[in-house]
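What follows is a short report on a single structure.
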Amino acid sequence: MKTFYIETFGCQMNAHDSEKVVGTLLAEGYQQVPTVEEAELVFYNTCSIRDKAEQKVFNRLQQFKKDGKGKTFAVLGCVAQQEGDKIFEKAPHVSLVCGSASYNKLPELLVQLETGNKRVTGLSLDTDQTFDTPFTRRDNPHRAYITIIEGCDKSCAYCVVPFTRGPERSRTGASVIAETRELAGAGYSEVQLLGQNVNSYRDPSPAGWDFATLLTNVGQVPGIRRVRFTTSHPRDFVKAIVDAIDQHPSLCNHVHLPVQSGSSRVLEAMQRLYTRDEYMRRIEWMKNARRPIAITTDIIVGFPGETEADFEATLALLREIEYDSIFGFKYSRRPNTPALALADQIPEEEKTRRLLVLQELQRDIQIRRNADYVGRVEECLVEGFNKATGQWIGRTSQHKTLNFLRPASADDLLGKYVDVRVTRAGPNSLAGECVN
Ligand code: SAM
Ligand code: SF4
């Protein structure tokens, strides 16, 4: 039996792709091992969203250039798709290069490897198929991920994803519901629907469900108590999604809605297809919802041509919306992307300064917002136990971390739902006491 090791870089989509790849390998008779040293086959599932992420995998490959003798190395994911055959030149000890749009072909590609082929590739993006497998090996015992749409048809000027993950293709609603039912049967009560732009989901079967309909139907599967989804694109985010969250308590009251910039001028240069005002309309829908919806976002600072006034507009947007949390990134030049051709690149030190200013402002906002939770009782799904502090780690429907002590009981709470009264709040988490 052949042994394999896999390391995953990047986003949740990649992490879940790896769960499917691992399931496929196990079904093919391979055995997973926890270290590179023990493995005959070494897989890196890679990310190329920013330059740093891409460099990580080449550093990793470099590490094993000399002491990887006798092992077979495979590069999967976005760097594989982006660099293609060039990886064999940069890292001659690599034998398989395969992008996510070709994972359906992995069993065939593995046979080619087994027969001694030293340059095996799966790089076609010309597909209308999604990577559906009955063999997914799930890492998270509490939350199960379900891919509903792969690829991306947008062309944001800074982004490599359309080049690395191919065109958009949705799974049928029936197959998503079947997977959700199966997960509920296996004991999962929380699922997260995944896609680069879940809002443009469109059921390819005659049922033709849109995203809000799919979401509602997933939320009604018996046994499912929490449904999350990521990522939303503001252009395709419609009011029906907020209405669905309002109507169905199983749909978590948290929306991640990446804005990227608070300046309409920069949004246009980024080819994001919405203005600041249009974005704000979506925020209003959420702020007017019956259940308070936590809103989080992604911001890129230092996009080519971003002036001090543009950056100020982003800071003003943060003050106005008061996000529950943000992911801030310095703009990174990516191969093939339209923004490469733009003049007026912002110096690295200036990008760093803007990122720090952004993060400091957001920290103040989070301290203020989280303080409002003190005294409230929140339902938590218990996801872990911190031995060092003796606290359970809970997650609220709004996706906030709530650490709590449960006095005088050694019950195993993992995977259970408990009510917790919030007694303290920090910028990144809440703390409290279990009340049931
Ligand atoms: N599809 C999602 C969307 O449209 O927001 C997520 C795409 S990406 C995996 C996650 C985030 O990375 C983006 O929202 C963006 O903020 C950031 N990102 C993408 N390309 C980038 C680049 N070239 N430089 C810096 N950040 C980038
Ligand atoms: Fe990239 Fe834009 Fe597609 Fe998101 S919507 S994956 S940022 S191109």
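Bear in mind these aren't lab numbers, they're just calculated from the coordinates by the rules spelled out. Because the structure is predicted, anything quoted here is derived from the model rather than measured. Virtual Cβ from ideal backbone geometry, glycine too; neighbours counted across all protein chains shown.
Some observations on this one:
- Each Lys and Arg Cβ is given +1 and each Asp and Glu Cβ -1; about its Cα centre, the chain then shows a dipole of about 480 debye.
- Under 5 Å from the amide H of Glu40 lie the amide H atoms of Thr3, Phe4, each residue being 5 or more positions distant or on a separate chain, with H modelled from the backbone and absent for Pro and chain starts.
- Partner aspartates and glutamates whose Cα lies under 14 Å from the Cα of Lys287, excluding those fewer than 8 positions away in the same chain, are identified as Asp243, Asp246, Glu320, Glu322, Asp324.
- Long-range amide H partners of Gln391 with built H, under 5 Å: Asn386
- Here the label points at Thr3 and Lys387, each 7 Å from Cα along the C-beta direction, are separated by 2.5 nm in the simple model.
- Given Lys90/Lys118; Lys154/Lys351; Lys2/Lys86, the pairs whose alpha carbons are separated by over 18 Å: Lys154/Lys351; Lys2/Lys86
- For the stretch 174-236, relative contact order (Cα pairs under 8 Å, six or more residues apart, normalised by length) works out to 46 percent.
- Taking Cα centre as origin and charging only the Cβ of basic (Lys, Arg, +1) and acidic (Asp, Glu, -1) residues, the dipole magnitude of the stretch 302-436 rounds to 420 debye.
- Of all DSSP-defined beta bridges confined to the stretch 51-176, some 20% are antiparallel rather than parallel.
- Nonlocal amide H pairs with Gly328, under 5 Å, H built at 1.01 Å: Ile299
- Charge dipole magnitude, Cβ of K and R +1, D and E -1 - the stretch 195-269, Cα centre, debye nearest 20: 200
- For Ile87, net neighbour charge (Lys/Arg +1, Asp/Glu -1) across residues whose Cβ lies under 15 Å away: +3
- Stretch gain in nm, segment Arg368-Thr423, where the contour uses 0.36 nm per residue and the Cα spacing is subtracted: 18.3 nm
- Positive dipole terminus of the chain, leading residue within Val255, Trp209, Ser170 (C-beta point charges): Val255
- Computed [θ] at 222 nm, deg cm²/dmol, the chain (DSSP H ≥ 4; -39,500 (n - 2.57); rounded to nearest 500): -10000 deg cm²/dmol
- Inter-label distance for Asn59 and Glu28, nm, one decimal - labels placed 7 Å from Cα along Cα-to-Cβ: 2.9
- Annotation: cysteines of the chain without a disulfide-compatible partner (Cβ-Cβ under 4.7 angstrom) are Cys11, Cys47, Cys78, Cys98, Cys152, Cys252, Cys380, Cys434.
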